[in-house]
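> Below is the structure I would like to discuss, written out as structure tokens.
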Amino acid sequence: MTEQKEPDKKVPDITYTNHITVEDYNALRQAVNWIRVTEKRASIALQHSFYLCVAVCGDQPVGMARIVSDGGYTYFITDVIVHPDYQSFHIGTELISRVLDYIEKDVVDGETVMVSLMAAYERESFYERFGFHTRPFGNHGPGMSMWVSRDVTGKVITA
């Protein structure tokens, strides 16, 4: 899916920062119909991000991407979100470019690191432009994920 601007849409003035509140984080998640993360879990996740890049219009976060890492050779790009009102302005492209630039600067001569992500459904082609491979690929099996929840009665639910 390629990003195209509508002719009558003015390109917003976007700046980039490395901070987002839990409330703004969950507002972005809600804007793209992702689950709300509890304040406790969201705060921990944001604080433990290896790198966080947030697109801001005025004083409102309109996009973000972050990296989690083991501090060794594994980097995982997650929470790549652009508010629907700000899609088609290449904000997602800029976020991924900044995230990958951060990783490339962290890698020193002679090192090899693994960068992974889980693309949203039917968004694989966006990431392929940056050199990511859709799995399965070569000797890489399919990406896999699972959600684990506990409802208010204490019952564990997996999906």
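> If the requirement is being among the polar types (S, T, N, Q) and under 12 Å from the mean Cα position of the chain (by Cα), which of these qualifies: SER49, SER43, SER69?
After applying the criteria, what remains is SER49.
> Another question, if that's okay. Within the set of pairs 6+ apart or on separate chains, which have a first residue in region 85-106 that is closer than 14 Å to ARG129 by Cβ, a second that is modelled with pLDDT under 95 and charged (D, E, K, R), and C-beta atoms under 6 Å apart?
HIS90/GLU3
> In region 55-87, which residues are within 20 Å of THR112 (Cα to Cα) and assigned to a loop (DSSP other than H, G, I, E, B)?
Hits for region 55-87 are ASP70, GLY71, GLY72, TYR73.
> Run GLU39 past the list (1) acidic (Asp, Glu); (2) under 18 Å from GLY131 (Cβ atoms); (3) modelled with pLDDT of 95 or more and report the number of the one that doesn't hold.
(2)
> Would you confirm whether any residue within region 38-46 is in a loop (DSSP other than H, G, I, E, B), free of Cβ contacts under 8 Å to residues at least 60 places away in the same chain, closer than 26 Å to GLY143 by Cα and small (Gly, Ala, Ser)?
No, there is no match, as no residue in region 38-46 is in a loop (DSSP other than H, G, I, E, B), free of Cβ contacts under 8 Å to residues at least 60 places away in the same chain, closer than 26 Å to GLY143 by Cα and small (Gly, Ala, Ser).
> Any residue at all in region 44-66 that is surrounded by 10 or more Cβ atoms within 10 Å (Cβ to Cβ), at pLDDT below 95 and either over 30 Å from LYS9 (Cα atoms) or among the aromatic types (Phe, Trp, Tyr) (or both)?
Within region 44-66, none of the residues are surrounded by 10 or more Cβ atoms within 10 Å (Cβ to Cβ), at pLDDT below 95 and either over 30 Å from LYS9 (Cα atoms) or among the aromatic types (Phe, Trp, Tyr) (or both).
The values are calculated or read from the model by the stated rules, or taken from the named source; none is laboratory data. These numbers were taken from a predicted model, which means no experiment stands behind them. Ideal geometry is used to build each Cβ from the backbone, glycine not excepted, and the neighbour counts take in all protein chains shown.
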